[in-house]
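Chemist: If you scroll down you'll find the structure; I have some questions about it.
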Amino acid sequence: MDGICGGEKVRRFFAEKADIPVMRLTGDERRHLADVLRARQGERIIVCPNDGYDYVYEITAFDKSSVTLSFVSREFNLTEPSLFLCAYIALLKGDKTEFEVQKLTELGVRRIVPFISERTVCRSEKSVRLRRAAHEASKQCGRAVIPDITETATFEEVLAELRGYDSVVFSYEGAYGNGKRINEVINGGEKRVALVTGPEGGFSDGEVARAADEGFCGVTLGKRILRAETAAIAGAAVIMQLCGEWK
Ligand code: SAM
């Protein structure tokens, strides 16, 4: 969903800043607007400078190097969640991590930290591809913010960050029957929540013990073994629901 403005579908663009009263789009954004979308003078577009607001502009001129936009209005974007959910996701093989980033973006996750753990098979940096996936997903679902995709972290760096959250869902399939349930960890009043999901081979016993040493016990996502990307997506969805983002 790009955006609805006066009943018509309005395209959404992310930019460093939203200049008022006149703004010029150049480079890829100009090319996309002029050559791909074949936008016309007089049409309206939404510019998002990642501040949570939609800035509505009218196209007033095209030339070979830029598109000139005239500011119309600034509207608070109601699709952004109030919950700050950070997903710590182990890098996965193939394009599964991009798929995960796309779905987590649609679900309203604000920050995504890819990490490497003992059993991570994929070790290659993917930040550029992941940021592109987040950018496109934010446009598609009508967000005003593109989630922050950090550089790849180590497992220890992940553990060190987890202390900064109101609640932490350290998902672990071995927690079924003897760990915590997600609604025992999430009380619904949190402002900041972290979700951690492991790689295709799961967390090692040592990693589970290290997390427990830091006070983060395993949380079950049910009795079946989920694919890593399913666990991240399902976990994020349940957390959003428990924290009232779907009311
Ligand atoms: N070790 C698993 C096995 O025996 O096949 C594979 C790990 S699973 C594919 C990848 C990750 O998803 C796990 O590290 C965990 O974070 C999460 N996960 C999968 N199923 C889960 C469940 N039922 N409860 C909690 N977490 C789960």
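Bear in mind that the values in this text are calculations on the coordinates, not laboratory data. Every value quoted in this text rests on a predicted model; they were computed, and no experiment measured them. Neighbour counts run over all protein chains shown; Cβ positions are idealised from the backbone, glycine included.
Chemist: Looking at the square roots a ≥ b ≥ c of the eigenvalues of the Cα gyration tensor of region 75-197, which shape do they give, rounded for a/c under 1.5, prolate if a/b is larger than b/c, or oblate? Kindly include the intermediate steps, with their values, before the conclusion.
Modeler: Working: a/c = 1.88, a/b = 1.10, b/c = 1.70.
Here region 75-197 falls in the oblate category.
Chemist: Let me ask something else. Given the options THR79, THR105, THR220, which has the most mean-square fluctuation in a GNM of the chain, springs set between C-alpha atoms less than 10 angstrom apart?
Modeler: Of THR79, THR105, THR220, the Gaussian network model singles out THR79 as fluctuating most.
Chemist: Further question on the same structure: Which of ALA144, LEU85, LEU104 sits farthest toward the positive end of the charge dipole of region 80-203, with +1 on the Cβ of Lys and Arg and -1 on the Cβ of Asp and Glu?
Modeler: It is ALA144, whose Cα lies furthest towards the positive end.
Chemist: With θ set to phi - 60°, apply the Karplus curve 6.51 cos²θ - 1.76 cosθ + 1.60 along region 52-62 and write out the HN-Hα couplings as whole Hz, x wherever there is a Gly or Pro.
Modeler: Values per residue, Gly and Pro as x: x, 10, 9, 9, 8, 10, 10, 6, 10, 6, 10 Hz.
Chemist: For a footprinting-style exposure proxy, rank PHE216, PHE71, PHE170 by other Cβ within 10 Å, fewest first. Before the final figure, lay out the partial values.
Modeler: Values: PHE216 23, PHE71 16, PHE170 28.
Final ranking by Cβ density, sparse to dense: PHE71, PHE216, PHE170.
Chemist: Measuring from centroid to centroid over Cα atoms, what is the spacing of region 1-80 and region 87-130 in Å?
Modeler: 29
Chemist: Also: Figure the gain on full extension for SER124 and LYS223 (residue separation times 0.36 nm, minus the Cα-Cα span) and round it to one decimal in nm. Before the final figure, lay out the partial values.
Modeler: Working: separation 99, 0.36 × 99 = 35.64 nm, distance 3.16 nm.
Contour length minus Cα-Cα distance gives 32.5 nm.
Chemist: Same structure again: Using +1 at the Cβ of each Lys and Arg and -1 at the Cβ of each Asp and Glu in region 1-110, identify which of VAL72, THR26, VAL56 lies farthest towards the dipole's positive end.
Modeler: Comparing the listed Cα positions along the dipole, THR26 ranks first.
Chemist: A follow-up question, please. Considering only DSSP beta bridges whose two residues both sit in the chain, what percent are antiparallel, to the nearest 5? Let's see the in-between values first.
Modeler: Values: 20 of 47 bridges.
Rounded to the nearest five, the antiparallel share is 45 percent.
Chemist: What's the tally of Lys pairs in region 60-151 whose alpha-carbon atoms lie under 28 angstrom apart, where the two lysines are 8 or more places apart or on different chains?
Modeler: For region 60-151, the number of qualifying lysine pairs is 9.
Chemist: Suppose only helical runs count, i.e. DSSP H with n ≥ 4. What mean residue ellipticity at 222 nm does that imply for the chain under -39500 (n - 2.57) per run, divided by all residues and rounded to the nearest 500 deg cm²/dmol? List each step's numbers first, then the result.
Modeler: Details: 7 runs with 66 residues, N = 247.
So the helix-based figure for the chain works out to -7500 deg cm²/dmol.
Chemist: Please grab the % of Cα pairs in the chain that end up more than 24 Å from each other. Kindly include the intermediate steps, with their values, before the conclusion.
Modeler: Working: 15177 of 30381 pairs.
Cα-Cα pairs of the chain separated by over 24 Å account for 50 percent.
Chemist: For the chain, find the longest principal axis of its Cα atoms and tell me its angle to the long axis of helix 96-106, 0 to 90°, nearest 10.
Modeler: Once rounded, one gets 60 degrees.
Chemist: What do you get for trypsin sites (Lys or Arg not before Pro) in region 157-224 restricted to DSSP loop and a cutoff of at most 12 other Cβ within 10 Å of the site's Cβ? Before the final figure, lay out each step's value.
Modeler: On the way: sites: ARG163, LYS180, ARG181, LYS191, ARG192, ARG210, LYS223, ARG224; in loops: LYS191, LYS223, ARG224.
Passing both the DSSP loop test and the Cβ count: LYS191, LYS223, ARG224.
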